[in-house]
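For reference, the structure discussed in these notes is given below.
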Amino acid sequence: MNEPIIQIHNVHKRFHTLRGTVHALNDISLDVMPGEVVVIVGPSGSGKSTMLRCINRLETIDGGSIVVDNIPLTNARNINKVRTEVGMVFQSFNLFPDRTALGNVVLAQRVVRKRRRSDAATKAQNLLAKVGIPEKADAYPAQLSGGQQQRVAIARALAMDPKIMLFDEPTSALDPEMIKEVLDVMLDLAKEGMTMVVVSHEMGFARAAADRAVFMDEGRIVEEDIPDVLFSNPSHDRTKLFLSKIL
């Protein structure tokens with residue numbers, strides 16, 4: 001029997017602000033199997049991005065447990081070991097502006113994976129080809145469109161040979177005509193069997209690529225199902241209300 005590669009059990013996360021305490025994650029439980037694609041939808045402030053950030057310990061949790069690839073994140077001694085197995089792509093591209101597309105993909109390989117420069121450069125070239133922009137290897141971020149920058153960011157994450165990819169609204173900062181080129185790369189990854197957790201409102205991608213869709217609201221998982229069922233025939237009134245506004 002396969003075990004979940006991500007196990008989130010009864011997780012709580014609170015943020016303390018001047019206005020009081022925000023219960024960002026309220027008793028969240030979710031298992032993700034190897035090779036599964038899970039798309040998370042929900043209104044702004046529902047805890048979607050916070051959950052992703054907890055999976056690779058960019059945020060610590062206040063209760064419950066998260067286990068990633070058999071490594072418990074609570075009190076994990078070598079958190080970098082987890083992060084090398086978990087690639088993350090943000091809505092802002094976070095590329096180094098003074099490095100070329102190739103240089104951005106090479107850097108983490110050299111620093112974290114300790115690869116030789118020639119090996120890292122070869123892998124970077126192959127990954128830029130994989131995401132459809134081999135001709136942009138020598139271009140700097142400022143010379144690239146938003147869609148091209150996001151594809152460099154995906155290539156950079158893939159260069160670490162992660163077992164899991166997390167995507168936090170990867171197309172929300174893009175012009176409409178650039179969204180498809182990024183979603184096509186993600187769809188290819190899903191077809192190749194990459195384990196993916198994706199925060200997105202791109203319902204076409206969810207229907208085409210996701211094994212499961214999860215709806216969150218106010219820090220809780222309200223319901224989950226296969227995408228066609230969740231989007232076409234949700235059982236919870238809150239899900240129905242949300243989907244009526246975006247579909």
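The values are calculated or read from the model by the stated rules, or taken from the named source; none is laboratory data. From a predicted model like this one, the values you see are computed outputs, not experimental measurements. As a convention, Cβ positions derive from the backbone with ideal geometry for all residues, glycine included, and neighbour counts pool all protein chains shown. With ligands, DNA and RNA removed, areas are computed over all heavy atoms of the protein, side chains included. Shrake-Rupley method; radii C 1.70, N 1.55, O 1.52, S 1.80 Å.
Numbers at a glance
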| read-out | value |
| --- | --- |
| Residues satisfying the stated conditions in the stretch 77-100, i.e. in a loop (DSSP other than H, G, I, E, B) and among the hydrophobic types (A, V, I, L, M, F, W, C) | Phe90, Phe93, Leu95, Phe96 |
| His236, sole failed condition from (1) within 24 Å of Pro43 (Cβ to Cβ); (2) in contact with a Lys or Arg (Cβ under 7 Å, 6 or more places away or on another chain) | (2) |
| Test: residue in the stretch 169-181 that is touching a residue at least 12 places away in the same chain (Cβ under 8 Å), more than 18 Å from the chain's Cα centre (by Cα) and outside any helix (DSSP H, G or I) | yes |
| Ser145 out of contact with any helix residue (DSSP H, G or I) (no Cβ under 9 Å at 6 or more places or on another chain), farther than 27 Å from Met33 by Cα and among the hydroxyl-bearing types (Ser, Thr, Tyr) | no |
| 1 or more residues of a type in the set (D, E, K, R) and within 30 Å of Val131 (Cα to Cα): qualifying helices (runs of 4 or more DSSP H) within the stretch 188-247 | 203-209, 227-232 |
| Residue satisfying all of: in the stretch 195-225; open to solvent by less than 20 Å² (accessible area, probe 1.4 Å) and out of contact with any Pro (no Cβ under 8 Å at 6 or more places or on another chain); nearest to His23 (Cα to Cα) among these | Gly219 |
| Any hit, the stretch 226-233, residues being open to solvent by less than 40 Å² (accessible area, probe 1.4 Å), aliphatic (A, V, I, L, M), touching a residue at least 60 places away in the same chain (Cβ under 8 Å) and touching a strand residue (DSSP E or B) at 6+ places or on another chain (Cβ under 6 Å) | no |
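For (1) within 29 Å of Ile6 (Cβ to Cβ); (2) among the acidic types (Asp, Glu); (3) modelled with pLDDT of 95 or more, each residue gets a yes or a no:
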position: Asp138; (1), (2), (3): no, yes, yes
position: Ala142; (1), (2), (3): no, no, yes
position: Val152; (1), (2), (3): yes, no, yes
position: Ala155; (1), (2), (3): yes, no, yes
position: Ile164; (1), (2), (3): yes, no, yes
position: Asp175; (1), (2), (3): no, yes, no
